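See below for the structure under consideration.
The values are calculated or read from the model by the stated rules, or taken from the named source; none is laboratory data. Keep in mind that this is a model prediction, so the values were computed, not measured. When we count neighbours, we look across all protein chains shown, and the Cβ atoms used for this are built from the backbone with ideal geometry, even at glycine. Ligands, DNA and RNA are excluded from the accessible area calculation, which covers all protein heavy atoms including side chains. Shrake-Rupley method; radii C 1.70, N 1.55, O 1.52, S 1.80 Å.
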Amino acid sequence: MMNVREALPGAVKKLDPRELWHTPVMLVVEIGAAATTVMAVVDPSTMGWIVTVWLWLTVLFGTLAESVAEGRGKAQAASLRALQQETTARRRRPGGGFDVVASTDLRTGDVVVVAAGERIPGDGDVIEGVASVDESAVTGESAPVIRESGGDRSAVTGGTVVLSDEIVVRITSDPGQSFVDRMIALVEGSERQRTPNEIALNVLLSSLTAIFVVVVGSLWFVADYSDAHQSLIVLTALLVCLIPTTIGALLSAIGIAGMDRLVRRNVLAMSGRAVEAAGDVDVLLLDKTGTITHGNRQASELLPLSGVSPEELAEASLLSSLADETPEGRSIVTLVRGFETGAERLPQPPDAVLVPFSANTRMSGIDLDGREVRKGAASAVTAWAGGTTPELDELVQRVSSTGGTPLVVADTGRLLGVIHLKDVVKDGIRERFEEMRAMGIRTVMITGDNAVTAAAIAAEAGVDDFLAEATPEDKMALIRKEQEGGRMVAMCGDGTNDAPALAQADVGVAMNTGTTAAKEAGNMVDLDSDPTKLIDIVEIGKQLLITRGALTTFSVANDVAKYFAILPAMFVVAFPQLDVLNVMHLSSPDSAIVSAVVFNALVIIALIPLSLRGVRYRPSSASDLLRRNLLIYGVGGLVAPFVGIKLLDLVISLIPGV
């Protein structure tokens, strides 16, 4: 009730014809209400005033539905605005030193230092350091998260708080353009753009309205010719009951509520089009690392080849990881420092040339004193070294068969051994993929690992298919191939190398822990960085489409009962034979017309909760969904008005003058 009271001022404001212009059905009702108001003043009657009042209430209930839907995000927007309180920031000068500035003065490219206990002044990427960050104000999760430079967990959100250590952040958004700003606009509905399906349905409703305006206008002349003269009030009541006012009033609320449900699950959608597309997804591509698995692969052991000492492999592993700022590279350094070899004290040579890791080469390393040390994917390093050996293949196979990731180490063309990286599949993800399968969605895991490793992880996770040793170009090619086959493709990812695929996919869901490039490329951002959230996204998309279809079916079906109430009442005096159509045995023509108008208004109020909550979605085939939709909302739309109008007639017939 509190939500309704708070929404009433907004609903009244939306009665402005300029506000209703985007909803032609309700605009016609408002014009009719204004016309009947004039008629009721010129020629007062009890029936005239009752019809006039309920026509105005019909318009108000329609605007109230949209206002309530928008109002549901006000509290969440208020909590998000608390994140935007102006703070001071230590902005690093290009020549050294710091300037203390207001957070609103920061611009894209500025570099700031944030210490423990300080609020991060804006969206950005960590470029130095590692820290524990409290993101509960944004995600709702109380557990702190680790943000660090390098890798795919470097993005931070403005308004979150650093709990430990110190980080250096490069700002990636200007004031008013942050993720929090976009979330506020989204939950308030102020920047919601109508989707293609919504626009198409509006065109259909507008066309039906125009047709019925012509039909009712023609009835004026038919009634005069038949000596069954009809007043403007009666004709307006007929028009309002004929046109699809129910879905016309609720259409906008359904769209806003769908976006709101998405935000409540901590997913930021850049457009309503993406939400609708999610409802039609039938292929889901998932990046393995950080999506299906936890992503923090750790080096667990070094496996040297025959003739190579553990110390030699440890030294080469450390050297090849000096330029590797990924969490995996750091874990190798940590592992090597556990050896009592002296390698842990090896300084970076001043004349060394570091070779950073690249998604295309899939290797990293170092060049110094004529040596070229490399580590990376088995196929990449063996190709670089000029070939492989049976013993190395056996080691790679052994690591891969356990679901681990083998990194091959080589020194100037000589293969030294394998680093075993362990990757852990997220809990409960197999069950979630089974749900996707029941929804008709095929899951495909994409990874840069070799085929054996990919097969082991795919089997453990329960995906339907996988693409191994994938480059960014391979991901793009796979998405295009699926799209050319007429399928809607969704992609989850968190890395910069996922950005092209996220942009190409129909639904691109970027993890909030991912890079800024990934988040900008996708059309959705999951603030919880949970790839299985796509199941919720798909359910919301399907729920949005089903709700819109169900209420459209109900709206069209319940018009049939109103025909049986009003049309016989209009012409029964001139044509007594029409009384046979009075199947509800309504008390009088005036009572029948008023009852239909009142029911037409009340049904909007009755359906507002359903439009906001959405029709429950159950994984099933399209034919089963259509059958259930027709049985519940088609048959229900036919039966409910007969019952409702009859009950209202029993009450309204007691009013004198009706």
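Asp449 is checked against (1) buried (at least 24 other Cβ atoms within 10 Å of the Cβ); (2) part of a loop (DSSP other than H, G, I, E, B); (3) out of contact with any Pro (no Cβ under 9 Å at 6 or more places or on another chain) and fails just one. What number does that condition carry?
Of the numbered conditions (1) buried (at least 24 other Cβ atoms within 10 Å of the Cβ); (2) part of a loop (DSSP other than H, G, I, E, B); (3) out of contact with any Pro (no Cβ under 9 Å at 6 or more places or on another chain), the odd one out for Asp449 is (3).
Condition first: at pLDDT 80 or above, touching a Lys or Arg at 6+ places or on another chain (Cβ under 7 Å) and not hydrophobic (A, V, I, L, M, F, W, C). Can you find one or more residues in region 576-586 that meet it?
No, region 576-586 contains no residue that is at pLDDT 80 or above, touching a Lys or Arg at 6+ places or on another chain (Cβ under 7 Å) and not hydrophobic (A, V, I, L, M, F, W, C).
Might you check whether a residue that is in a loop (DSSP other than H, G, I, E, B) and within 30 Å of Arg264 (Cβ to Cβ) occurs anywhere in region 584-599?
No, region 584-599 has no match at all.
Could you tell me how many of the residues in region 453-492 are over 25 Å from Ala438 (Cα atoms) and of a type in the set (Asp, Glu)?
3
Scan region 600-637 for residues that are touching a residue at least 12 places away in the same chain (Cβ under 8 Å), more than 27 Å from Ala33 (Cβ to Cβ) and among the hydrophobic types (A, V, I, L, M, F, W, C) and report the count.
Within region 600-637, residues that are touching a residue at least 12 places away in the same chain (Cβ under 8 Å), more than 27 Å from Ala33 (Cβ to Cβ) and among the hydrophobic types (A, V, I, L, M, F, W, C) number 5.
Consider region 225-238. How many of its residues are without any contact (Cβ under 8 Å) to a residue 60 or more places away in the chain and either in contact with a helix residue (DSSP H, G or I) (Cβ under 9 Å, 6 or more places away or on another chain) or open to solvent by less than 60 Å² (accessible area, probe 1.4 Å) (or both)?
Count: 2.
Could you please find all residues in region 146-167 being under 23 Å from Gly329 (Cα atoms), assigned to a strand (DSSP E or B) and open to solvent by less than 40 Å² (accessible area, probe 1.4 Å)?
Result: Arg147, Glu148, Ala155, Val156, Ile167.
So which residues in region 204-241 are among the small types (Gly, Ala, Ser) and not in a helix (DSSP H, G or I), if there are any at all?
Within region 204-241, Ser226, Ala228, Ser231 qualify.
Would you check which residues across region 473-517 are aliphatic (A, V, I, L, M), under 15 Å from Lys288 (Cα atoms) and open to solvent by 10 Å² or more (accessible area, probe 1.4 Å) and list them?
Ala499
With respect to the numbered conditions (1) open to solvent by 10 Å² or more (accessible area, probe 1.4 Å); (2) of a type outside the set (Phe, Trp, Tyr); (3) under 30 Å from Ser252 (Cα atoms); (4) modelled with pLDDT of 75 or more, which one is the sole condition not fulfilled by Glu198?
Result: Glu198 passes all but (1).
Quick one: would you say Thr36 is at pLDDT 85 or above, open to solvent by less than 30 Å² (accessible area, probe 1.4 Å) and under 19 Å from Lys13 (Cα atoms)?
It is false that Thr36 is at pLDDT 85 or above, open to solvent by less than 30 Å² (accessible area, probe 1.4 Å) and under 19 Å from Lys13 (Cα atoms).
Name the residues in region 459-481 that are under 25 Å from the mean Cα position of the chain (by Cα) and assigned to a helix (DSSP H, G or I), would you?
Correct list: Ala461, Pro472, Lys475, Met476, Ala477, Leu478, Ile479, Arg480, Lys481.
Given the condition under 21 Å from Ala470 (Cβ atoms), in contact with a Phe, Trp or Tyr (Cβ under 9 Å, 6 or more places away or on another chain), free of Cβ contacts under 8 Å to residues at least 24 places away in the same chain and not basic (Lys, Arg), answer yes or no: does some residue in region 440-447 qualify?
Within region 440-447, none of the residues are under 21 Å from Ala470 (Cβ atoms), in contact with a Phe, Trp or Tyr (Cβ under 9 Å, 6 or more places away or on another chain), free of Cβ contacts under 8 Å to residues at least 24 places away in the same chain and not basic (Lys, Arg).
Looking at region 1-30 only, could you name the residues that are assigned to a helix (DSSP H, G or I), without any contact (Cβ under 8 Å) to a residue 60 or more places away in the chain and buried (at least 17 other Cβ atoms within 10 Å of the Cβ)?
Ala11, Leu20, Leu27, Glu30
So, in region 403-427, how many residues would count as being assigned to a strand (DSSP E or B), closer than 19 Å to Ala454 by Cβ and open to solvent by 20 Å² or more (accessible area, probe 1.4 Å)?
Looking only at that region, the number is 2.
Would you check which residues across region 491-536 are within 18 Å of Ser149 (Cβ to Cβ) and in a loop (DSSP other than H, G, I, E, B) and list them? Spell out the reasoning first.
Step one: of region 491-536, the residues within 18 Å of Ser149 (Cβ to Cβ) are 494-497, 511-519, 529.
Selection gives Asp494, Gly495, Asn512, Thr513, Gly514, Thr515, Ser529.
Residue-wise test of (1) of a type in the set (A, V, I, L, M, F, W, C); (2) crowded, with 21+ Cβ neighbours inside 10 Å; (3) out of contact with any helix residue (DSSP H, G or I) (no Cβ under 7 Å at 6 or more places or on another chain); (4) under 19 Å from Ala249 (Cβ atoms).
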position	(1), (2), (3), (4)
Leu544	yes, yes, no, yes
Gly549	no, no, no, yes
Tyr563	no, no, yes, no
Val573	yes, no, yes, no
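Starting from region 242-271, keep only residues that are in a helix (DSSP H, G or I) and surrounded by 24 or more Cβ atoms within 10 Å (Cβ to Cβ), then list their pairs with residues that are among the basic types (Lys, Arg) and at pLDDT 80 or above whose Cβ atoms are within a distance under 9 Å, requiring at least 6 positions of separation or different chains.
These pairs meet every condition: Ile247/Arg548; Leu250/Arg548; Leu251/Arg548; Ile254/Arg548; Gly255/Arg548; Ala257/Arg613; Gly258/Arg548.
Check Ala622, Ala606 and return the single one that is under 34 Å from the mean Cα position of the chain (by Cα), surrounded by fewer than 19 Cβ atoms within 10 Å (Cβ to Cβ) and at pLDDT 85 or above.
On the way: Ala622 fails: at pLDDT 85 or above.
Checking each option against the conditions leaves just Ala606.
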